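Inspection log for the structure reproduced underneath, given as structure tokens.
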Amino acid sequence: MLHVENLTASIGGTQILKGLDLAIGEGEVHAVMGPNGSGKSTLAHALAGREGYELSGRVTLDGADLLDLEPEERAAAGLFMGFQYPVEIPGVNNMYFLRTALNSVRKARGDDEISARDFLGLAREALELVEMKQDFLNRAVNAGFSGGEKKRNEILQMAIMQPRLAVLDETDSGLDIDALRIIASGINSLRGPERSMIVITHYQRLLDYLKPDFVHVLVDGRIVESGDHTLATHLEDHGYADFVNHDLDDVPDRSLSGAAS
Amino acid sequence: MTDQRLELEQLAEAGYEYGFTTDLDTDIAPPGLDEGTIRLISAKKNEPDWLLEWRLKALAAWQAMEEPDWAKLEIDPIDYQSISYWAAPKPKPQLESMDEVDPEIREMFDKLGIPLHEQKMLSNVAVDAIVDSVSVTTTFKETLAEAGVIFCSFSEAVNDHPDLVREHLGSVVPVRDNYFAALNSAVFSDGSFCYIPAGVRCPMELSTYFRINSQNTGQFERTLIVAEEGSHVSYLEGCTAPMRDENQLHAAVVELVAKDRAEIKYSTVQNWYPGDENGVGGIYNFVTKRGRAHTDAKISWTQVETGSAITWKYPSVILQGDRSVGEFYSVALSSKRQQADTGTKMVHIGADTTSTIISKGISAGRGQNTYRGLVKTMRSAENARNYTQCDSLLLGKDCGANTIPYIEVKNPTAQVEHEASTSTVGEDQLYYCRQRGMSEEDAMSMIVNGFCREVFDELPMEFAVEAQRLLSVSLEGSVG
């Protein structure tokens with residue numbers, strides 16, 4: 001459903017993504033790992049449409065040329081991004097924000113606005129998913145939220161937006177053990193045959209819960225290794241040393257059961 | 001990044017949707033201001049001698065005063081002799097009833113979304129409609145009279161309730177208070193008068209709607225609200241004007257008297273024509289608004305200022321009685337070439353008096369927005385308390401925001417708090433909203449409305465919706 005071909009991204013003359021290829025099928029969960037500065041967040045923002053990057057290559061989501069679309073059009077096409085640093089919007093009620101967001105994409109798809117009653121039902125289910133109380137919706141968007149609450153709010157939004165493709169950028173960073181469990185089980189219950197996910201993370205812990213279908217290692221703007229979830233275990237044990245400062249040819253042979261490389 | 005900045009600025013530029021003119025047959029005085037002008041206005045209105053004398057005294061005071069230049073405003077010199085000080089729509093002969101409003105005026109107010117026909121009014125609001133200098137109609141008079149509430153044009157009040165007017169006129173804003181108040185006192189043509197008897201809770205919102213229509217005229221209205229002991233009233237004013245290339249002068253005075261335990265809530269949605277992107281045209285808005293709060297009384301000013309080329313306005317409260325309360329909630333938007341120098345004065349005289357000031361300034365385009373506020377606690381004001389919060393939001397790089405607080409504390413038991421912040425609408429906020437599917441314009445409008453939330457929450461419900469819409473329209477631009 002998502003095809004990324006030879007994607008490059010530069011910012012202020014510095015190239016960050018250097019020809020990235022990625023194919024994601026229906027319902028698949030792909031983890032992207034990699035050292036700091038390897039281009040993981042840039043990949044997420046390039047997909048979501050953040051301004052300020054010079055891009056080349058081709059990205060299609062369900063056949064639609066993603067790079068030609070504005071961020072809001074990509075959202076309407078079914079792309080959702082979970083932000084590493086969710087943004088605070090003081091004075092704007094969380095519930096109002098969510099309803100406006102949902103109705104915006106519905107309108108763009110030619111659907112009717114959701115009724116207040118149906119929305120409330122949807123919001124209640126989403127709240128349960130992230131184990132938050134009703135008052136969570138009555139606070140201003142992310143304003144004064146703790147780090148954990150902000151991340152839970154991202155998952156809550158994903159539950160409401162029901163995207164085709166979720167790109168979760170370090171949704172597990174800065175979480176304590178309980179919050180991580182809640183976030184992971186939230187993500188797991190939102191998995192389905194019609195929803196694919198790209199999970200960007202530094203840590204094995206989240207992947208222990210999620211058991212992604214594929215794990216990719218992103219180094220210096222390219223995917224240098226792909227495998228199943230055992231690749232993540234290898235990384236946890238050995239770090240990225242095997243992949244950093246080597247040409248691709250120098251990657252040592254490792255026995256990786258089911259690796260797709 | 002530069003593109004994004006540009007778009008932000010374009011978002012702030014907007015069309016003015018009330019810029020039409022209505023072709024009314026108007027009775028207009030020749031330009032110029034001298035004793036003869038005052039006598040003409042007074043004669044046109046059949047005023048009693050005491051009022052004419054009051055006006056003449058004000059004119060003499062004004063002539064001896066200097067135009068103030070302390071505000072952070074750049075204004076072309078105003079030629080007070082080139083302005084006409086009297087303009088009134090000529091009433092058309094009516095077949096059915098003399099009280100009927102001229103259909104053209106009614107149409108004008110329909111266009112503005114202000115129905116003057118009582119049966120058409122959905123909300124529980126009585127309206128006094130003022131065109132140029134004269135009140136054209138007041139709705140729901142009978143309903144209000146049943147509660148003992150007087151709500152009428154200022155001219156009618158001078159005729160029908162002369163004692164009430166004479167007692168309170170100039171009691172809060174004296175003739176010599178300032179240059180523009182003196183000018184208004186000399187030439188004011190009409191306005192609204194409102195009297196709430198002791199213990200009465202006014203059964204509906206009262207509203208005055210001001211419309212400047214004629215060319216080369218100034219508008220000088222006067223509003224006087226007297227709330228007797230233990231009474232309660234909520235009052236709203238709205239204003240619009242046609243788009244014209246010249247600057248038009250609006251110098252109003254509003255006086256509020258809240259007797260013991262009375263409460264007055266005064267809300268303004270000001271949308272005078274702001275002029276165009278190059279600073280051509282627009283209303284010069286010089287307004288003096290002040291209330292006097294007696295023992296246990298409360299006066300609350302809420303304003304949403306989106307219009308006018310120049311805004312010079314400091315709605316104030318004299319906290320005279322013990323335990324009296326003053327509040328000021330303000331949203332001021334300056335875009336295009338608009339300049340606003342606005343704020344409040346809270347003068348604490350009584351003991352245990354409290355005041356709250358929440359000011360939200362939004363600058364866009366090449367707009368300049370200055371908050372100027374005075375908090376003063378007199379020696380008698382034991383345990384006075386003030387809390388002030390001034391937030392400025394900048395949209396774009398060619399606009400400016402200033403916060404100028406004056407604090408004078410003469411009683412050591414007073415507590416005065418001042419907080420100020422300046423922020424911009426972040427590109428990351430817009431991106432976040434857009435990633436969730438909202439258009440850039442919707443996102444901008446949502447973020448700015450969020451910034452103003454604390455003030456909008458103070459507006460009566462129907463006007464809060466109106467204010468949000470107005471702000472969105474004022475921010476709408478050519479994006480998308």
Other protein chain Cβ atoms within 10 Å, averaged over every residue that makes up B:436-448: 6
With a point put 7 Å past each Cα toward its Cβ, work out how far B:Asn278 is from A:Ser10 in nm, to one decimal. 4.1
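Could you give the length gained by full extension between A:Glu113 and A:Ser146, i.e. 0.36 nm per residue of separation minus their alpha carbon distance, to one decimal place? Before the final figure, lay out each step's value.
Numbers: separation 33, 0.36 × 33 = 11.88 nm, distance 3.14 nm.
My answer for the length gained is 8.7 nm.
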Nonlocal amide H pairs with B:Gln303, under 5 Å, H built at 1.01 Å: B:Thr268, B:Tyr329, B:Ser330, B:Val331
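Please give the length that would be gained between B:Glu142 and B:Gln63 if that part of the chain were fully extended, namely 0.36 nm times their separation in residues minus their C-alpha to C-alpha distance (nm, one decimal). It would help to have the intermediate numbers written out before the result.
Details: separation 79, 0.36 × 79 = 28.44 nm, distance 4.18 nm.
Contour length minus Cα-Cα distance gives 24.3 nm.
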The FRET efficiency for A:Asp208 and B:Thr422, from their Cβ-Cβ distance with R0 = 35 Å and rounded to 0.05, is 0.15
With unit charges on the beta carbon (Lys/Arg positive, Asp/Glu negative), name the residue among B:Ala309, B:Thr139, A:His30 whose Cα is farthest towards the positive pole of the charge dipole of the protein assembly as shown. B:Thr139
Not counting ligands, DNA or RNA, and with a 1.4 Å probe, what is B:Lys57's accessible surface area in Å² rounded to the nearest 10? 110
Straight-line reach from A:Lys133: which lysines fall under 23 Å, measuring Cα to Cα and dropping same-chain residues less than 8 apart? A:Lys150, A:Lys151
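Quick check: with the 1.4 Å probe, what order do B:Arg337, B:Arg211, B:Arg166 take by accessible area, largest first?
Output order, biggest surface exposure first: B:Arg166, B:Arg337, B:Arg211.
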Taking just the alpha-carbon atoms of the protein assembly as shown, what radius of gyration and Dmax come out, in angstrom? 31.3, 107
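Would you list B:Thr295, B:Thr388 from the most to the least accessible area, probe 1.4 Å?
Numbers: B:Thr295 45, B:Thr388 5 Å².
Solvent-accessible surface, decreasing: B:Thr295, B:Thr388.
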To the nearest 20 debye, the protein assembly as shown has a Cα-centred charge dipole, built from +1 on Lys and Arg Cβ and -1 on Asp and Glu Cβ, of 1580
For the Cα atoms of chain A, what angle does the longest principal axis make with the long axis of helix A:177-189, in degrees from 0 to 90, nearest 10? 80
Say the dipole of chain A comes from +1 at the beta carbon of Lys and Arg and -1 at that of Asp and Glu; which of A:Ser185, A:Gly52, A:Asn103 then lies farthest toward its positive end? A:Asn103
With a 1.4 Å probe and every protein chain left in place, tell me how much accessible area B:Val257 has, in Å² to the nearest 10. 10
What's the ranking of A:227-239, A:193-205, B:29-41 by average number of surrounding C-beta atoms within 10 Å, highest first? A:193-205, A:227-239, B:29-41
How many Cβ atoms of partner chains, on average, are near each residue of A:64-72 if near means within 10 Å of its Cβ? 3
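As a test of reading the structure, rank A:Glu149, B:Glu408 by solvent-accessible area (1.4 Å probe, protein chains only), most first.
Working: A:Glu149 40, B:Glu408 75 Å².
Result of the area sort, largest leading: B:Glu408, A:Glu149.
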Say we join alpha carbon atoms closer than 10 Å with springs in a Gaussian network model of chain A; which of A:Gly57, A:Gly192, A:Gly12 then has the biggest fluctuation? A:Gly12
If the chain between B:Val465 and B:Asp79 were fully extended at 0.36 nm per residue, the gain over the current Cα-Cα distance would be 135.1 nm
Taking a probe of 1.4 angstrom, what is the accessible area of A:Ile223 in Å², to the nearest 10? 40
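Can you pull the percent of Cα pairs in chain A with separation above 36 Å? Show your work: numbers first, answer last.
Details: 4212 of 33930 pairs.
It works out to 12 percent of all Cα pairs.
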Taking amide H positions as placed in the peptide plane 1.01 Å from N, state which residues far from B:Gly275 in sequence (5 or more) or on other chains have amide H under 5 Å from it. B:Gly282, B:Ile283
Taking amide H atoms as placed 1.01 Å from N in the peptide plane, list the residues 5 or more away in sequence, or in a different chain, whose amide H sits under 5 Å from that of A:Val215. A:Ala31, A:Gly227, A:Asp228
Work out from phi, with θ = phi - 60° and the Karplus expression 6.51 cos²θ - 1.76 cosθ + 1.60, the ³J(HN,Hα) of each residue of the stretch A:202-210, listed in order in whole Hz, and give x for Gly and Pro. 9, 10, 5, 3, 4, 6, 4, 6, 7
Which of the pairs A:Lys18/A:Lys211; B:Lys298/B:Lys345; B:Lys289/B:Lys313 have their Cα atoms more than 18 Å apart in this structure? A:Lys18/A:Lys211
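The values are calculated or read from the model by the stated rules, or taken from the named source; none is laboratory data. Quick caveat: nothing in here was measured; it's all calculated off a predicted structure. Note: ideal-geometry Cβ built from the backbone for every residue, glycine included; neighbour counts use all protein chains shown. Heads up: the accessible areas ignore ligands, DNA and RNA and are worked out on the full protein's heavy atoms, side chains in. Shrake-Rupley method; radii C 1.70, N 1.55, O 1.52, S 1.80 Å.
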